[in-house]
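Asks: Below: one structure in structure tokens.
Please treat every number below as a calculation from the coordinates, not as lab data. This structure is a prediction, so every number in the text was calculated from the model and none was measured. So basically every Cβ, Gly included, is an ideal-geometry build from the backbone, and we count neighbours across all protein chains shown.
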Amino acid sequence: MSGLGRFLRLDDSLRFLSREECATLVERIRGFAQGGGKTEVDVTSWWSGELRWARNRVSLASDRRDISVHVSRTLPAMTGDGNVMTNQLDDVSLTAAVREAERWAHRRQHSRTDIVTSVPDFQYAKPAIWSDTSYGLTTEERGRIARALVDPAEAAGMLSAGYIEVRAQGTASTPAEKPLMYAQQTTGQCSMTVRDPEGRGSGWAGGSSYDWTRIDPEALARRALQKCLASRNPVTIEPGRYTVILEPQAVHELVVFVVAALNDRHAAENQPGPLNAGYDTALRLGRSKLGLKVVDERLTISHDPMDPALGVIPFGDDGWGPYPVDAVTWIDHGVLTDLSFGRAYAVRELTDNVPIAPRMAYRMSGGPTSVEEMIATTKRGLLVTRFSGVRPLNEGLFTGLTRDGLWLIENGKISKAVKNLRFTDSPWFLLNSLEQVGEPVPVFSPDAPAIVPPLKARDFSFTSLIDAI
Amino acid sequence: MRGLHLLLSGLVIALVTPAAQGQTLFATPDTLDVARYTTVEECLAAISRVKDSVENQPAWIWRDTLPATQSRLAADARAPLPAPVAAVARRCSARFRGGAVPLGDFAPLLSLFLAADRDADADTLLARRLKEVGPTADRERAAVLDTAIHVYLALNQVGGQPFALPLFAHPARLAAAESLVTAFVQIKTVPWEARLDAYGELAVLAVSADTVRAGRAAKAMLAVVNGLSDLERRSSAFRSEAIQINAALMFDRRAALLDSLRHSTAAYVALWREMWGEVAGQDSAVLDGFARPIGRPAPRIKADWWFARDDSTVGRPVKGKVNLVVFLNPGDFSCFESDDTSLCNRTYAGLRRVAQRFPALEITLVAQTYGLFDKMAPPPPGLEAEQFQRAWLTERHLPGALAVTSTPFWRLPAPDRRRINRDVPNVVQYSFGRTWHVPNWIFPPFLIDQDGTIVETAFRSFDADLPEMIAVLLARQVTPPQSGRDR
């Protein structure tokens, strides 16, 4: 019996399912179906190796894996689709899952139509999202890396905490009457915080990529330690509006909300918010700001799955059928040129079948100015490492805390570390108040890659002091 | 090393097994000893759990045979909690006493006591809470009473939003709620809209369980309206209450309205106009929100595709017969993919019952193409029309002829590209120059007499009001009223 026989266990050589294994599994599942109709199957299998440490000591080292099988049955005549998920791959469990999906399908009223199969065929991209190095990073190697990250901090008398994870995933989708779509992807992440034992300073650094060779753990360790040492003994300054220099990670922690808004065309048209242009009473529909300038003209925000640093799984399915993830430019030189939407929106609002797939990966264009030049040209301002706990107060206004390094700049130089501050401002205001834009770099964003520049902006609003280091 | 693994495994099994044996697995109905629960939240969660497990069982049965399924609220007003649910509530609430529980848990405890049929404890708790309110704290008193009204009527929604608590007062405590509403409306700071809504909620729940009480609530609603100033009548709030006020008028003057309809459509229309004048005055801007196009000639239905039309030479509505014109809205896709409890399917069931009861009634279903069907787009308009026929006539067995119009459209310029439908003739004609309020452009059904005059458009459902009026019209068709005697 093959590796996918009556009872499947994943051994170390099979940490996730290959295309062929998924195809075999799908055929087995389809063989259990009764009553005709269509069977759609999605299979996600993943492996994750992780290591976590705190106070310079490892607290967790794990090696986990799981499979998720989503079975959707559509029966002929006036029935709907039934959906069941399982992670049990033996015949008895899969048969039970298919029967349950068929029971649900019987219970739902649904008009079967001659045109329900009109999802157009499409080619999906083959982005760079797999790394043998990431997949091959063993428990022992993860331990050695952690040791190398902890040692400098410990040697400096500091406390460090951090997390390393490498992950591999196989994603298969088999829409009815369509060929199997499959992609395998690795992801890697490494982040650490270094703190003064007396709680006088804190530094952070992190990196993420599908390819572990693109993450430099030792550089991250040096950076986190340096930030910690430089942020010690902060002074208190008054909250208020400051010119800010935001490092790329800080920019990302705000712009991620902009990207989320760019991914929801329906909300942009129908809900109050920075991208909403109000209700058109003549046409009786909500309007977005498509075609209008929404941020500084130096900025372009886009995503291309074929960008070597921005690969994502190149297809999706929002329950309305599969679609490809193609390149999109949401904002072009400050002008809102596109908004993402799924197949539901495409069908209902545009009466076509071509969505612009939502995704959180993005590239933000940059400029020629280095952070050092930004500092040198600042009379008085703040240098921000990153933000923490950012949350919306309303559709456009956010609040959050500075974290892991905040410095006052006076007369073109960093003059002192300052205590953390709470900000209350809008990323949309920020992106319309730019003075200088730097070179975009990959930031720590394990769930969706992002390439972001540092920014210098005026009048960023800090609203209160935070005592926490 | 392998030996160490075995030793550790044995140790884990030895440590874990006793706990697993002592575990009580959850099963429906709730097998846990809820009497051990110590907080009201645990009890309400247990009741919700058991109620869901009990009620979900028959949820997939078509309910064509049951009356008035349109109004789940009304059905709930009559029905007690299922026995297993009430039993859990009684067991779980045993430790709480209305005279001793902390008032901080007032609202959830009130719900718990009513679920357990411990109305005396609920009343005691409410009295304690009201006593705590200062004599001049009108806002707080109103808030407490408003909460209590919702709990006693088990109104699970407030202003379209879910109520913050699970409510289980089944059957609704109409008598207690009426006295609470009476106390609520006497608070001077309570605005007229809230007074109207309180009476309206009571009336909706009472209408199928206690028509005398519903009648009192309807009269009280009209009294609130009669007490309004001209300024208040001209407010947008007044217009937004038009449906509720019309329903109160319909209920309060039901006998007179049916009598007038027996006489003639003109008499019926005249009586409505008189009533609108009483509640809204003669200001045309105010009347606009109330008046329906009753008494107007029903425009002839146009179609690019007809389905299930017996005689293609006869226009619809059919002259000389009583007609029902129903605008269908496929834009609401829950109509095509939903369980039998959806509003669409319950509406369809009501329509089938009407057709079954009145075979002589001519029913015309009216639809237009949208450039999509279900999850797919764009089908050619003819194919879309055929899908309508299949979905409504073949699969859902809706009665009557189906008229489908191809909708002309244009697109917003790129990058927007959205399809903008132009108005189709049927919608334009049945809008009557937009002289009446059509909520979200979803038309109610039009009842049309044998002379082609629109008799009524406002029905709570196909099961309420409409059958009586159809019966009157069909009787009139057999025995025409004498001319020259209209009011």
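Asks: Explain nothing, just the number: relative contact order of chain A, from Cα pairs under 8 Å at least 6 residues apart, as a whole percent. Intermediate results must be reported in sequence, preceding the final value.
Replies: On the way: 1180 pairs, mean separation 67.7, N = 469.
Reported as a whole number, the value is 14 percent.
Asks: Now a separate question. If I take every Cα pair under 8 Å that is 6 or more residues apart in segment A:19-212, average their sequence separation and divide by the length, what percent do I get for the relative contact order? Each step should come with its number before you reach the end.
Replies: Working: 395 pairs, mean separation 46.0, N = 194.
Worked out over segment A:19-212, it gives 24 percent.
Asks: Could I ask something else about it? Give me the one-decimal nm value for the distance between modelled label points at A:THR139 and B:SER312, 7 Å along each residue's Cα-to-Cβ direction.
Replies: Each label point is offset 7 Å from its Cα along the Cβ direction, giving 7.8 nm.
Asks: In nm, to one decimal, how far is the A:GLU20 label point from the B:SER48 one, both placed 7 Å along Cα→Cβ?
Replies: 5.0
Asks: Return the FRET efficiency for the residue pair A:ASP66, B:LYS131: r is the Cβ-Cβ distance, R0 is 41 Å, and the value is rounded to the nearest 0.05. Can you show the working numbers first?
Replies: Numbers: r = 57 Å, r/R0 = 1.40.
After rounding to 0.05, the efficiency reads 0.10.
Asks: Hey, another quick one. Just to verify a number: FRET efficiency for A:GLU198 and A:GLU297, C-beta to C-beta distance, R0 = 56 Å, to 0.05?
Replies: Numbers: r = 47 Å, r/R0 = 0.84.
My answer for the efficiency is 0.75.
Asks: Still on this model: Report the relative contact order of segment A:234-469, percent, no decimals, based on alpha-carbon pairs under 8 angstrom and at least 6 residues apart.
Replies: Working: 596 pairs, mean separation 65.9, N = 236.
It comes to 28 percent, rounded to a whole number.
Asks: Which of the listed residues, A:SER48, A:THR74, A:THR24, is farthest toward the dipole's positive end in segment A:19-212, when Lys, Arg count +1 and Asp, Glu count -1 at the beta-carbon?
Replies: So the residue we want is A:THR74.
Asks: Hey, got a sec? Which trypsin sites (Lys or Arg not before Pro) in segment A:256-348 land in a DSSP loop and have at most 16 other Cβ atoms within 10 Å?
Replies: Numbers: sites: A:ARG265, A:ARG284, A:ARG287, A:LYS289, A:LYS293, A:ARG298, A:ARG343, A:ARG348; in loops: A:ARG284, A:LYS289, A:ARG298.
For trypsin sites (Lys or Arg not before Pro) across segment A:256-348 that sit outside H, G, I, E and B with at most 16 neighbouring Cβ atoms in 10 Å, the list reads A:ARG284, A:ARG298.
Asks: Name the shape class, rounded, prolate or oblate, that the alpha-carbon gyration tensor gives for chain A, where a ≥ b ≥ c are the square roots of its eigenvalues, rounded holds for a/c under 1.5, and otherwise prolate holds if a/b is larger than b/c and oblate otherwise. Could you put the intermediate results ahead of the total?
Replies: Working: a/c = 2.56, a/b = 1.41, b/c = 1.81.
Oblate.
Asks: Classify segment B:73-132 as rounded, prolate or oblate from the Cα gyration tensor: take a ≥ b ≥ c as the square roots of its eigenvalues, call it rounded if a/c is under 1.5, otherwise prolate when a/b beats b/c and oblate if not. If you can, show how the numbers build up before the last one.
Replies: Values: a/c = 2.74, a/b = 1.57, b/c = 1.75.
Verdict is oblate for segment B:73-132.
Asks: A:GLY286's amide H: which non-local residues (gap 5+, or another chain) put their own amide H closer than 5 Å, with H modeled 1.01 Å from N in plane and none for Pro or chain starts?
Replies: Here A:ASP280 satisfy the definition.
Asks: Over the Cα atoms of the protein assembly as shown, what radius of gyration and what Dmax do you get, in Å?
Replies: That works out to 33.7, 108 Å for Rg and Dmax.
Asks: For A:SER231, what residues show an amide H to amide H distance below 5 Å, using hydrogens built from the backbone and excluding near sequence neighbours?
Replies: Sorted by chain and number, the residues that satisfy this are A:SER202.
Asks: Could you work out how much longer the chain between B:ARG273 and B:ALA35 gets when fully extended? Use 0.36 nm per residue separation minus the Cα distance between them, nm to one decimal.
Replies: On the way: separation 238, 0.36 × 238 = 85.68 nm, distance 5.93 nm.
Separation in residues times 0.36 nm, less the Cα-Cα distance, equals 79.8 nm.
Asks: A further question follows. Mind checking which lysines have their C-alpha under 29 Å from B:LYS319, skipping anything on the same chain fewer than 8 residues away?
Replies: B:LYS302
Asks: If one computes the Cα centroid of segment A:144-196 and of segment A:343-366, what distance in Å separates the two points?
Replies: Going from one Cα centre to the other spans 28 Å.
Asks: In whole Hz, with x marking every Gly and Pro, tabulate ³J(HN,Hα) for segment B:95-104 from phi via Karplus 6.51 cos²θ - 1.76 cosθ + 1.60, θ = phi - 60°.
Replies: Karplus values, whole Hz, x for Gly and Pro: 7, 9, 10, x, x, 10, 5, x, 6, x.
Asks: On to the next question. For the protein assembly as shown, what is the charge dipole size about the Cα centre, in debye to the nearest 20, if Lys and Arg each add +1 at the Cβ and Asp and Glu each add -1 at the Cβ? Walk me through the numbers before you get to the answer.
Replies: Working: 108 positive and 109 negative charges, 262 e Å.
It works out to roughly 1260 debye.
Asks: Further question on the same structure: What list of ³J(HN,Hα) values in whole Hz, one per residue of segment A:158-172 in order, does the Karplus curve 6.51 cos²θ - 1.76 cosθ + 1.60 (θ = phi - 60°) give from phi, with Gly and Pro shown as x?
Replies: Working through the residues one at a time gives 9, 9, 10, 9, x, 8, 10, 9, 10, 9, 10, 9, x, 10, 10 Hz.
Asks: OK, next. Quick one: Karplus J couplings for segment B:234-241, per residue in order, coefficients 6.51, -1.76, 1.60, θ = phi - 60°, nearest Hz, x for Gly and Pro?
Replies: 8, 6, 5, 4, 5, 5, 6, 8
Asks: A further question on this structure: Say each of B:ARG139 and A:ALA148 gets a label point 7 Å from the Cα, pointing the same way as Cα to Cβ; how far apart are those two points in nm?
Replies: A separation of 6.4 nm, rounded to one decimal place.
Asks: Amide H neighbours of B:GLN368 under 5 Å, at least 5 residues apart or on other chains, H built in the peptide plane: list them.
Replies: When sequence neighbours closer than 5 places are left aside, the close amide H contacts are B:THR405.
Asks: Would you tell me the mean number of C-beta atoms belonging to other protein chains that fall within 10 Å of each C-beta in A:347-356, as a whole number? If you can, show how the numbers build up before the last one.
Replies: Working: counts 9, 9, 6, 10, 12, 6, 5, 0, 0, 0.
Partner Cβ neighbours, averaged per residue: 6.
Asks: Give the lysines reachable from A:LYS419 as a straight Cα distance under 27 Å; neighbours fewer than 8 places away on the same chain don't count.
Replies: Answer for A:LYS419, where 27 Å is the Cα cut-off: A:LYS227, A:LYS379, A:LYS456, listed by chain and number.
Asks: When we measure straight from the Cα of B:LYS219, which lysines land under 26 angstrom away, once same-chain ones fewer than 8 places off are left out?
Replies: Once the sequence-local lysines are set aside, what remains near B:LYS219 is B:LYS188.
Asks: What's the exposure ranking of A:ASP121, A:ASP326, B:ASP52, going from fewest to most Cβ atoms within 10 Å? Write down the numbers at each step before the final one.
Replies: Details: A:ASP121 6, A:ASP326 18, B:ASP52 13.
So the residues, fewest neighbours to most, are A:ASP121, B:ASP52, A:ASP326.
Asks: Among B:TYR430, A:GLY273, B:VAL101, which residue has its Cα furthest toward the positive end of the charge dipole of the protein assembly as shown, with +1 on Lys/Arg Cβ and -1 on Asp/Glu Cβ?
Replies: B:VAL101
Asks: Here's a follow-up. Partner chain Cβ atoms within 10 Å, averaged over the residues of B:409-415 - can you pull that number for me? Intermediate values should be presented prior to the final figure.
Replies: Details: counts 1, 0, 2, 6, 2, 4, 8.
If you average over the peptide's residues, the count of other-chain Cβ atoms is 3.
Asks: Do any trypsin sites (Lys or Arg not before Pro) in segment B:239-275 lie in a loop, going by DSSP, with at most 11 other beta-carbon atoms within 10 Å of their beta carbon, and if so which?
Replies: On the way: sites: B:ARG239, B:ARG253, B:ARG254, B:ARG262, B:ARG273; in loops: B:ARG253.
For trypsin sites (Lys or Arg not before Pro) across segment B:239-275 that sit outside H, G, I, E and B with at most 11 neighbouring Cβ atoms in 10 Å, the list is empty.
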